[in-house]
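The structure appears right after this line, and notes come after that.
The values are calculated or read from the model by the stated rules, or taken from the named source; none is laboratory data. What you see is a predicted model, and the numbers here were worked out from it, not measured in a lab. When we count neighbours, we look across all protein chains shown, and the Cβ atoms used for this are built from the backbone with ideal geometry, even at glycine.
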């Protein structure tokens, strides 16, 4: 194991230890709640990144998987089923839907695929709104036992699981196949890589974690309209986070989610009247100057630092 | 011996009472923290804009009088108001309420606007055990979750379900009443709730529902329902459309030449843009926005004057109810005599006071017993037509055909 890998593993252990003890050390509900939102969006952005970033399929229907996970879990959990099977059912429903629509949807390419997935999500959004127009509210006796800490640990586990799975997947033969499809589908096919199979694998994995995130949301959120998690904002927020951080990277969606949620929240608390304008300008700056996301900024800074070190080395000798 | 002992006990008790009364009172905080989230942007942005000045003016007025007297500290303490923008997003509203609880340590929450927003934030109030006052929602179902900390000095569906027929029977002589009713029910929880109550109450007051049609929000073509109602000879139309649906509905009614004698649209005509968008076609429509600047209650004239100075018009329909929320909370703090949330909650529940929206008490489920004024669009303006003692204009009935307006 190289020195770099040891440092990386040590760093990850420290971060995980910090996150594990966070609710014990910081007992403020506001901090735990904000951390929950960050972890939720890490899961959503990372799961979007598996299909959008690694397999190169611009999915604008991610909210459909998230919404289905929420719907299935909430209905099961509120009817008295245990949480874990309800969560898994949420993930399973999302995967089933993804595979059902995936085969016809992947006949579309590029922008048509994006529009197709957006349309599918919107159809689900409207249908759920019409079939279940009521608010799903946790009754008072549920709220009496409601604690944020178990929700936090659930979201933490999901974020770790999603990121870990993405890491293992993209470093596997299957992941390489997905990236080959992203770069040039025809060339990949000519090398014997089944584009459809790899895209379906990416879609299924992406949908599964989005569905689990939805299930965790159903366990976390006290009250919402059933159609709320199907709203396009969940897709666009996840996608923006992946782009802000850097698509096609493991750390990109994590950095993007942390940046997006914290900056937006701080601006909303400090600049009540103009926070959206300020955030919009910030977002434009990131997109214009860092098309590869914040990960690219980090790489650029490292390159600059390396060059300046080299210059210093040459001057010395 | 016994007498000496008794004297000693009395003296000891007196001394301890004097010592207790001389003991320093706990240090008073610099301010009483209250706050809430409001939809200043997003789909409910126009509602939040009306409510924000209501909250702010009420706090400013109370502070101008020295603040709220708190017996525990034997002094008046000013209110400190913190409002955040929730972007009309329940998840963000939840986050803001958690911040207000953890950081500002508020003793009372002021609510957002819209049923879904209130449903989410009322749950947080329940979790954190912080009394919550919310207006700008009429969905009764939220109050049926067993929440103890939710209070709403605002009308709810069961008020207007029978209320519309009571109003018509009071205002129109028998024989002239528009007894054939068409109900266009939006397929939303509120639409179902209110549509059902209108349908259920109609026969009790001598009305007959001749058409009951359902439609999904944002349906563009409403002509099928309109023609059915026209064909059935419906004289009253009752509906709960969103602003775009309400505008589309009236435009299509005008095009198809169906002008019922009486139309009540809840929600859609509440905004000031209704008259500008529809012109004379928007007249004669009755609405129940919850308040009107013309009501004769203490403080309304001052509120209108302040609003006029800042916005060039009398206070908007949600400004008064928002103002009343702060009045109720301040009154409850004073009666509680302490900044203990549980005591304040109990004091809010026992509220019996007159505010800018009139007398307010609360039922067991937190719904307010409040005045439900009925407004009507007349000559491009919202006129208060009921209760008649507050009316700014007489009730205009029956509505003439669209081409004669």
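Taking residue B:130, is it in contact with a strand residue (DSSP E or B) (Cβ under 6 Å, 6 or more places away or on another chain) and surrounded by fewer than 24 Cβ atoms within 10 Å (Cβ to Cβ)? Spell out the reasoning first.
Working: in contact with a strand residue (DSSP E or B) (Cβ under 6 Å, 6 or more places away or on another chain): yes; surrounded by fewer than 24 Cβ atoms within 10 Å (Cβ to Cβ): yes.
It is true that residue B:130 is in contact with a strand residue (DSSP E or B) (Cβ under 6 Å, 6 or more places away or on another chain) and surrounded by fewer than 24 Cβ atoms within 10 Å (Cβ to Cβ).
Quick one: in segment A:225-252, which of the residues that are crowded, with 24+ Cβ neighbours inside 10 Å and within 13 Å of another protein chain (Cβ to nearest Cβ) is nearest to residue A:132 (Cα to Cα)?
A:228
Which helices (runs of 4 or more DSSP H) sit wholly inside segment A:202-301 and have at least 3 residues that are modelled with pLDDT under 90?
Numbers: elements: A:232-245, A:251-270, A:275-289.
Ranges flagged: A:251-270, A:275-289.
Are any of the residues in segment A:94-101 closer than 30 Å to residue B:148 by Cα and without any contact (Cβ under 8 Å) to a residue 40 or more places away in the chain? Before the answer, list the steps.
Narrowing segment A:94-101 to residues closer than 30 Å to residue B:148 by Cα: none.
Among the residues of segment A:94-101, not one is closer than 30 Å to residue B:148 by Cα and without any contact (Cβ under 8 Å) to a residue 40 or more places away in the chain, which makes the answer no.
Among (1) farther than 22 Å from residue A:242 by Cβ; (2) in contact (Cβ under 8 Å) with a residue 24 or more places away in the chain; (3) within 25 Å of the chain's Cα centre (by Cα), which single condition is residue A:123 missing?
(2)
Determine, yes or no, whether residue A:210 is more than 30 Å from residue B:124 (Cβ to Cβ) and buried (at least 23 other Cβ atoms within 10 Å of the Cβ). Spell out the reasoning first.
Numbers: more than 30 Å from residue B:124 (Cβ to Cβ): no; buried (at least 23 other Cβ atoms within 10 Å of the Cβ): yes.
No: the conditions fail for residue A:210.
Name every residue in segment B:140-150 that is under 23 Å from residue B:331 (Cα atoms) and at the interface with chain A (Cβ under 8 Å from one of its Cβ atoms), in order of residue number.
Applying the first criterion (under 23 Å from residue B:331 (Cα atoms)) to segment B:140-150 yields B:143, B:147-150.
Within segment B:140-150, B:147, B:148 qualify.
For segment A:147-184, name all the residues that are without any contact (Cβ under 8 Å) to a residue 12 or more places away in the chain, farther than 25 Å from residue A:92 by Cβ and assigned to a helix (DSSP H, G or I).
Looking only at segment A:147-184, we keep the residues that are without any contact (Cβ under 8 Å) to a residue 12 or more places away in the chain, and these are A:147, A:150, A:157, A:164, A:168, A:171-173, A:176, A:184.
This time we only want the ones that are farther than 25 Å from residue A:92 by Cβ, so: A:147, A:171, A:173, A:176, A:184.
Once the filter is applied, which keeps residues that are without any contact (Cβ under 8 Å) to a residue 12 or more places away in the chain, farther than 25 Å from residue A:92 by Cβ and assigned to a helix (DSSP H, G or I), segment A:147-184 yields A:173, A:176.
In segment A:14-30, how many residues are surrounded by 17 or more Cβ atoms within 10 Å (Cβ to Cβ) and at the interface with chain B (Cβ under 7 Å from one of its Cβ atoms)?
Matching residues across segment A:14-30 total 2.
Would you check if residue B:167 is touching a strand residue (DSSP E or B) at 6+ places or on another chain (Cβ under 9 Å) and assigned to a helix (DSSP H, G or I)? Spell out how you get there, then give the answer.
Numbers: touching a strand residue (DSSP E or B) at 6+ places or on another chain (Cβ under 9 Å): yes; assigned to a helix (DSSP H, G or I): yes.
Here the answer is yes, as residue B:167 does meet what is asked.
How many residues does segment B:151-162 contain that are surrounded by 20 or more Cβ atoms within 10 Å (Cβ to Cβ), without any contact (Cβ under 8 Å) to a residue 60 or more places away in the chain and either in contact with a strand residue (DSSP E or B) (Cβ under 8 Å, 6 or more places away or on another chain) or away from chain A (no Cβ under 14 Å) (or both)?
1
Taking the residues in segment B:96-139 that are without any contact (Cβ under 8 Å) to a residue 60 or more places away in the chain and not in a helix (DSSP H, G or I) as candidates, determine which candidate is nearest to the other protein chains (Cβ to nearest Cβ).
Residue satisfying both the conditions and the ranking: B:139.
How many residues, within segment B:364-390, are over 15 Å from the mean Cα position of the chain (by Cα), under 19 Å from residue B:143 (Cα atoms) and without any contact (Cβ under 8 Å) to a residue 24 or more places away in the chain? Talk me through it step by step, then tell me what you get.
At the first step, the residues of segment B:364-390 found to be over 15 Å from the mean Cα position of the chain (by Cα) are B:364-365, B:376-390.
Narrowing the set further to residues that are under 19 Å from residue B:143 (Cα atoms) leaves B:364-365.
Still in the running and without any contact (Cβ under 8 Å) to a residue 24 or more places away in the chain: B:364.
Selection size over segment B:364-390: 1.
Any idea how many residues of segment A:123-152 are surrounded by fewer than 16 Cβ atoms within 10 Å (Cβ to Cβ) and more than 12 Å from chain B (Cβ to nearest Cβ)?
3
Residue B:82: in contact with a strand residue (DSSP E or B) (Cβ under 8 Å, 6 or more places away or on another chain), modelled with pLDDT of 95 or more and within 14 Å of another protein chain (Cβ to nearest Cβ), yes or no?
So residue B:82 passes the test.
More than 18 Å from the chain's Cα centre (by Cα), at pLDDT 95 or above and part of a helix (DSSP H, G or I): is that true of residue B:93 in this structure?
It is false that residue B:93 is more than 18 Å from the chain's Cα centre (by Cα), at pLDDT 95 or above and part of a helix (DSSP H, G or I).
Yes/no per residue for (1) assigned by TED's automatic domain parsing to the domain that holds residue B:363; (2) within 28 Å of the chain's Cα centre (by Cα); (3) over 26 Å from residue B:396 (Cβ atoms); (4) surrounded by fewer than 17 Cβ atoms within 10 Å (Cβ to Cβ):
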{"position": "B:164", "(1), (2), (3), (4)": "no, yes, no, no"}
{"position": "B:184", "(1), (2), (3), (4)": "no, yes, no, no"}
{"position": "B:201", "(1), (2), (3), (4)": "no, yes, no, no"}
{"position": "B:215", "(1), (2), (3), (4)": "no, yes, yes, no"}
{"position": "B:232", "(1), (2), (3), (4)": "no, no, no, yes"}
{"position": "B:235", "(1), (2), (3), (4)": "no, no, no, no"}
{"position": "B:243", "(1), (2), (3), (4)": "no, yes, no, no"}
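Have a look at B:94, B:107 and point out the one that is buried (at least 22 other Cβ atoms within 10 Å of the Cβ), farther than 14 Å from residue B:33 by Cα and assigned by TED's automatic domain parsing to the domain that holds residue B:41.
Step by step, each of B:94, B:107 is checked, and only B:94 is buried (at least 22 other Cβ atoms within 10 Å of the Cβ), farther than 14 Å from residue B:33 by Cα and assigned by TED's automatic domain parsing to the domain that holds residue B:41.
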